[in-house]
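What follows is one structure encoded as structure tokens, with my remarks underneath.
The values are calculated or read from the model by the stated rules, or taken from the named source; none is laboratory data. Treat the numbers as computed from the prediction; the structure is a model and nothing was measured. Glycine also receives a Cβ, built like all others from the backbone with ideal geometry; neighbour counts cover every protein chain displayed. What goes into the accessible areas is simple: the full protein's heavy atoms, side chains included, and nothing from ligands, DNA or RNA. Shrake-Rupley method; radii C 1.70, N 1.55, O 1.52, S 1.80 Å.
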Amino acid sequence: MDDQSPPVESAVRGAARAAKDAQPVLARLRRAEKDALLHAMAEALVARADEIVAANAQDLAAADESGMAAGLRDRLALDPQRIGSIAQQLRDAAALPDPVGEVVRGSVLANGLELRQVRVPMGVIGMVYEARPNVTVDAAGLALKAGSAVVLRGGSAALHSNTALIAVLRDVLAERGLPADLVVGIDAYGREGADVLMRARGLVDVLIPRGGAGLIRRVVENAQVPVIETGTGTTHVLVDASADLDQAEQIVLNAKTQRVGVCNALETLLVHQDVAAEALPRLGTALAEAGVRLHVDERAAALLPAGVEHVPATEEDWDVEYLALELAVAVVDDLDAALAHIRAHSSGHTESILTRDLVSQQRFLAEVDSAVVMANASTRFSDGGEFGFGAEIGISTQKLHARGPMGLSEITATKWLVVGQGHVRP
């Protein structure tokens, strides 16, 4: 950039270039060195928890003043226990195999030429996300383990929290003789800074948005660098005609209420008409007792007992990611109708069927076109940590390169190594 460049563009491109220049140092580290780095970062986060909580308190105060929704506020909040959990995610990532150098496939051609496709660092990973300070550490830890530098834009709502977390991580890098610019934050440059990051072609190798539908759409539509799209979670659970209703009650409550402000929380409940008269009074009562407000179609409304708070569902309700104690509920004629509803309204994130019919189960697993499709399990298991990936950098709802929870392997690239013995092509 020349001296006439606007200050924000110059600063953000400079930060991305610094990360790019720092990355080759990381790419040369052995696994033991990267793992020791992640352990040191985990220890530093715990040791400086009071400092991080104090910074987070400033963000929470601003959130309360602005009337931030409860689910979003929950994502934003940090306390020593949550910081401990975030630190543990780093330790878990350290325990995972290093993907860098893994041989994906290889062969020896008939002419003796040796071929190997191996995993290599992506280079520089850009992250754009909202009010989720845990993502700051998860993204940095996974990127570093996978050999990449990371540029983080975590949004104004978490400005103080992210600044404190990034300061801890950068201090550890410097203490260990590594470039602090392996982890760079650009929150200070606001929305304009995020726009510059989207245009940083040649400096950022991949951009991963993680947040609400508006943020993801803006990144996908405006980015000039490759994007891995992480979609919103308009997740569905179908209570099929043969469902075990005791099991269904526990799964539905867990999927909706265990933690509401996350992308794998249940947002639409579908109930097969053959079991609706028995299932909906049970499920409606249990959900109401848990504080869930139901948005229901006419058939569901007719089956709910008195005292269960509900409102008529609008057409828009079937496409909403509530991130709150709100749930859309519909009665469907059969499995075909449920599949059609999901095709029409799913964001492609996670869907689950509750059934004892193996034919219905197999049809659902085969025909639902989402990143994660389940049977007889809570949608809350759609998570990189639960899948054994350590931490996740996001859940991809696209179909190219990576789909579903993204762990270490999903944030690497590959290259071909070709070894000959003086080979020339005839």
Item to complete: Check off (1) touching a helix residue (DSSP H, G or I) at 6+ places or on another chain (Cβ under 6 Å); (2) outside any loop (DSSP other than H, G, I, E, B); (3) open to solvent by less than 30 Å² (accessible area, probe 1.4 Å) for PRO405 and give me the number that stays unchecked.
Response: (1)
Practice prompt. Look through the range 387-402, keep the residues that are in a loop (DSSP other than H, G, I, E, B) and touching a Pro at 6+ places or on another chain (Cβ under 8 Å), and return whichever of them is farthest from THR136 (Cα to Cα).
Written response: PHE387
Worksheet item: If you take just the helices (runs of 4 or more DSSP H) that sit entirely in the range 1-103, which of them hold at least 1 residues that are open to solvent by 50 Å² or more (accessible area, probe 1.4 Å) and out of contact with any Gly (no Cβ under 9 Å at 6 or more places or on another chain)?
Response: 7-27, 31-47, 49-66, 80-95
Response to the item:
Within the range 351-390, the count of residues that are without any contact (Cβ under 8 Å) to a residue 24 or more places away in the chain and on the phi > 0 side of the Ramachandran plot comes to 1
Worksheet entry | Filtered residue count, the range 227-268, keeping only those that are small (Gly, Ala, Ser), surrounded by 22 or more Cβ atoms within 10 Å (Cβ to Cβ) and over 14 Å from VAL292 (Cα atoms) | 4
Worksheet entry | Test for VAL135: is it under 23 Å from HIS39 (Cα atoms), under 19 Å from the mean Cα position of the chain (by Cα) and open to solvent by less than 10 Å² (accessible area, probe 1.4 Å) | yes
Discussion item. Condition (residue is open to solvent by less than 50 Å² (accessible area, probe 1.4 Å) and either in a loop (DSSP other than H, G, I, E, B) or in contact with a Pro (Cβ under 8 Å, 6 or more places away or on another chain) (or both)) applied to the range 415-425: is it met by at least one residue?
Written reply: yes
Response to the item:
Matching residues in the range 304-348 (assigned to a helix (DSSP H, G or I), of a type in the set (A, V, I, L, M, F, W, C) and either open to solvent by 60 Å² or more (accessible area, probe 1.4 Å) or in contact with a His (Cβ under 8 Å, 6 or more places away or on another chain) (or both)) number 5
Worksheet item: Which residue out of ALA70, ALA140 is out of contact with any helix residue (DSSP H, G or I) (no Cβ under 9 Å at 6 or more places or on another chain) and under 26 Å from THR232 (Cα atoms)?
Response: ALA70
Practice prompt. Scan the range 269-288 residue by residue and report those that are open to solvent by 50 Å² or more (accessible area, probe 1.4 Å) and in contact with a Leu (Cβ under 8 Å, 6 or more places away or on another chain).
Written response: ALA277, GLU278, ARG282
Worksheet, complete the sentence: If we ask which residues in the range 349-371 are in contact with a Phe, Trp or Tyr (Cβ under 9 Å, 6 or more places away or on another chain) and either open to solvent by 10 Å² or more (accessible area, probe 1.4 Å) or outside any strand (DSSP E or B) (or both), their number turns out to be 1
Response to the item:
Of (1) touching a residue at least 12 places away in the same chain (Cβ under 8 Å); (2) small (Gly, Ala, Ser); (3) outside any helix (DSSP H, G or I), GLY106 fails just (1)
Response to the item:
Among the residues of the range 11-59, the number that are modelled with pLDDT of 95 or more and either small (Gly, Ala, Ser) or touching a Phe, Trp or Tyr at 6+ places or on another chain (Cβ under 9 Å) (or both) is 18
